[in-house]
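> The structure's right below; bear with me while I get my questions together.
What follows draws every value from the coordinates through simple rules; no lab data is involved. Bear in mind that the values here come from a model prediction, so they are computed numbers and not experimental data. Here the Cβ positions follow ideal geometry from the backbone for every residue, glycine too, while neighbour counts run over all protein chains shown.
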Amino acid sequence: MWQAAYITLIALTLQNALALVLALICDRGIKFGNGYRVIFFIPPVLSGIVVGLIWNWIYNGNYGLLNHWLAQLSKWMHISYFSNLERAWLADPRTALTSVAIINMWKGFGWGFLVLLAGLQSIPRQLYEAAKVDGANAWQSFWRITVPLMIPTFGIVSIMTILGAMQIYDIIVSTTGGGPAYHTEVPITRILAAMRGNLQFGYACAMGLVFGAILLSVSLIIIKLSRKLNPLTG
Amino acid sequence: MSKKIISLLKHSFMILMSAACIFPLLWMISSSLKTQSAIFSDMSLFVLRPSWQNYITAWVKGNFGIYFLNSVFYTVTIVGGIVLVSSLAAYAFARLEFPFKNFLFLLLLAPMMIPIPGGFVALYVLLNKMHLINTRIGYILPQINAGLAMSIFLLKSFFEKIPRDLEDSAKIDGCSRLGIYWHLCMPLAKPALAIVVIYDTLYVWNEYLLAMLILSDKSLMPLTRGLMIFRGEHVTQYPILMAGMCIATIPIIFLYLLMQKHIIKGVMAGAVKG
């Protein structure tokens, strides 16, 4: 549970901050904006299994691309710092969970980007022009116009991120399978283990229901909160 | 001058992120073309002598041919089922009068609010009691069910927007209820249907959890499950595994690129409404 919460926390902060920055850049009008949009949404349409297997190969301890690059970097800079970092990323208890969180982030940020961009584009342009006439700088108009009006969108994005990351399963099973030594175990793998390994169907079902209830109440709280903070409804 | 620098910075950031998105995929494709001996030593992205043999091995010996056809079969039947059932139900909810209509509608939408983990154990037990474990129908029905709520919701609001006058004039011309649904409402609802079809196709093609729970016979498995089985049996045959992954991925990317306008529009419209 806490391990899924860690993955969720990274998704909620880093991934959505990245998505917001990208959406802001795209919203202000940029050349090839549409092209970037298409590319950013490729990872979200892929299957979690395929994504996990690709990254499994990149993170591989002996033949992986990441270690290969670290070694090259060390050789090129003549210091051993980077080659000392080399490891079997997914088999090392210290890095396994963060490595999985990064995969999850890679797969998810395109989705957040698209939803945030939609939210940004629904803000009327006149508001910004009016603020400019009144002498507001870019920083002020971001905090006074963009952020308040984006609160409903932030609410949606956080619910989607939380639900998606807490229920992470495909990526786990195709990379670590919950290991090493349960360091990447998440609610769904636990439920499945109770169900298939020990055939405790009642216990598994109870865990599922409690977990489902937690997710549901968290999303309801966020909905309430975003209603309250929203200047138009609250 | 400073504007130019900022624009340059922006573009380089965007290009960096795009590269991060695409690179793992290119890496997968290039790995799938390397030979078993080259894959452990050759780290280059471009393969000089591509070995297409991997794909043939994956397709024939790795069973990916069977998995591929299964995936296509499941996707077509499940998406077809969802569209048929949900459009009929949505039409009924939008246009017909019957007792407990609103209550039934809420009952149908309830599953949308309940996260998956609450349900799949019970689903497994249910299917087991019905002797549907390890059958095609046992894999297809739950997924049709899972897709219904969302698409009924979408289609109902779309059907309600169709002007009643149009339907009345069709009725005067002698069209039956079902005729109106089929000849008038379905063609008019094409944009909404497109969203339903694309979403459910992506979802079903990528589905793994149910496939793992329900199917244990190799001849019944879709691609995602097949990949994991292959990895379990041949741990070190990376090039063939990568070829299998390409077989699983390339159709969906192709579909995405073909339909990207609809998909992106759908996500963005859904986000603003929600």
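> What are the lysines whose alpha-carbon lies under 16 Å from the alpha-carbon of B:Lys261, with same-chain residues fewer than 8 places away excluded?
Counting by Cα, and skipping residues close in sequence, B:Lys261 has these lysines nearby: B:Lys190.
> Give the separation of the Cα centroids, region A:18-54 to region A:116-155, in Å.
22
> Something else about it: Is there a pair in B:Lys101/B:Lys161; A:Lys107/B:Lys101; B:Lys129/B:Lys218; A:Lys228/B:Lys161; A:Lys228/B:Lys3 whose C-alpha atoms are over 29 Å apart, and which pairs would that be?
Pairs exceeding the cut-off: A:Lys107/B:Lys101; A:Lys228/B:Lys161; A:Lys228/B:Lys3.
> Could I get the Rg over Rh figure for region B:159-273? Both from C-alpha atoms, Rh via Kirkwood, rounded to two places.
1.19
> Could you please rank B:Lys10, B:Lys101, placing first whichever residue has the fewest other Cβ atoms within 10 Å of its Cβ?
B:Lys101, B:Lys10
> When we measure straight from the Cα of B:Lys61, which aspartates and glutamates land under 19 angstrom away, once same-chain ones fewer than 8 places off are left out?
Leaving aside aspartates and glutamates fewer than 8 places away in the same chain, those within reach of B:Lys61 are B:Asp217, B:Glu233.
> Let me ask something else. Based on a Kirkwood Rh over C-alpha pairs, give the Stokes-Einstein translational diffusion coefficient of region A:98-174 at 10 °C and viscosity 1.306 mPa s in µm²/s.
Answer from the Stokes-Einstein relation: 110 µm²/s.
> Same structure, new question: Using Cβ counts within 10 Å as a stand-in for footprinting exposure, how do B:Ser151, B:Ser176 rank, fewest first?
Going from sparsest to densest Cβ surroundings: B:Ser176, B:Ser151.
> Given contacts defined as C-alpha pairs under 8 Å and at least six residues apart, what's the relative contact order of chain A, whole-number percent?
The value is 29 percent.
> Still on this structure: Just to be sure I understand: with springs between alpha-carbon atoms less than 10 Å apart, which residue in A:Gly48, A:Gly177, A:Gly35 has the highest mean-square fluctuation in the Gaussian network model of chain A?
With Cα springs under 10 Å in chain A, the top fluctuation among A:Gly48, A:Gly177, A:Gly35 is at A:Gly35.
> Going through region A:40-122, which trypsin sites (Lys or Arg not before Pro) have at most 14 other Cβ atoms within 10 Å and a DSSP loop state?
Counting only loop positions with at most 14 other Cβ atoms within 10 Å, the trypsin sites (Lys or Arg not before Pro) in region A:40-122 are A:Arg94.
> Mind running the shape call on chain A? Use the C-alpha gyration tensor, a ≥ b ≥ c as the square roots of the eigenvalues: rounded below 1.5 for a/c, prolate if a/b tops b/c, oblate otherwise.
oblate
> For the protein assembly as shown, with equal point scatterers placed on the C-alpha atoms only and solvent neglected, what are the log10 I(q)/I(0) values from the Debye formula at q = 0.12 1/Å, to two decimals?
-1.27
> Which of the aspartates and glutamates could be linked to A:Lys132 by a straight reach, that is with a Cα gap under 19 Å, when you skip same-chain ones fewer than 8 residues away?
Qualifying aspartates and glutamates at Cα under 19 Å: A:Asp27.
> For helix B:223-233, report the angle its Cα long axis makes with the longest principal axis of the Cα atoms of chain B; keep it between 0 and 90° and round to the nearest 10°.
Compared with the principal axis, the helix lies near 30 degrees.
> Now for a different question. So what are the ³J(HN,Hα) numbers for region B:146-159, from phi and the Karplus equation (6.51, -1.76, 1.60; θ = phi - 60°), rounded to whole Hz, Gly and Pro as x?
Values per residue, Gly and Pro as x: 5, x, 4, 3, 4, 7, 4, 4, 5, 5, 4, 5, 6, 4 Hz.
> Also, I was wondering about something else. State the Cα centre-to-centre distance between region B:191-232 and region A:161-234 in whole Å.
21
> Gaussian network model of chain B, Cα springs within a sub-10 Å range: biggest mean-square fluctuation belongs to which of B:Phe105, B:Phe73, B:Phe23?
Of the options given, B:Phe23 has the highest mean-square fluctuation.
> Kindly express, to the nearest 10 degrees and within the range 0 to 90, the angle between helix B:101-113's C-alpha long axis and the longest C-alpha principal axis of chain B.
10
> Okay, moving on. Averaged over all directions, how much area does the convex hull of the C-alpha atoms of region B:63-273 cover when projected, in nm²?
14.3
> Now for a different question. Before rounding to the nearest 500, sum -39500 (n - 2.57) across all DSSP H runs of length at least 4 in chain B and divide by the residue total; then give [θ] at 222 nm in deg cm²/dmol.
-24500 deg cm²/dmol, from helical runs alone.
> Also: Would you mind checking the tilt of helix B:238-273 against the longest principal axis of the Cα atoms of chain B, expressed as 0 to 90 degrees and rounded to 10?
Between the helix axis and the principal axis of chain B, the angle is about 40 degrees.
> Which whole-number percentage describes the relative contact order of chain B, with Cα contacts under 8 Å and a sequence gap of 6 or more?
33
> Follow-up. How much mean residue ellipticity at 222 nm does chain A get from its helices, if each DSSP H run of length 4 or more adds -39500 (n - 2.57) and you divide by all residues, to the nearest 500 deg cm²/dmol?
-20500 deg cm²/dmol
> Using the number of other C-beta atoms within 10 angstrom as an exposure proxy, rank B:Met130, B:Met245 with the fewest first.
B:Met130, B:Met245
> Taking chain A as a Gaussian network, Cα atoms linked when under 10 Å apart, which of A:Leu14, A:Leu65, A:Leu127 shows the biggest mean-square fluctuation?
Result for chain A, Cα springs under 10 Å: A:Leu127 fluctuates most.
> Remind me, relative contact order of region B:203-266 in percent, using alpha carbon pairs under 8 angstrom and six or more residues apart?
25
> Each residue of region A:124-136 in order: what ³J(HN,Hα) in whole Hz does its phi give by Karplus 6.51 cos²θ - 1.76 cosθ + 1.60, θ = phi - 60°, with x for Gly and Pro?
Result, ordered by residue: x, 5, 4, 4, 5, 5, 4, 5, 5, 4, 6, x, 7 Hz.
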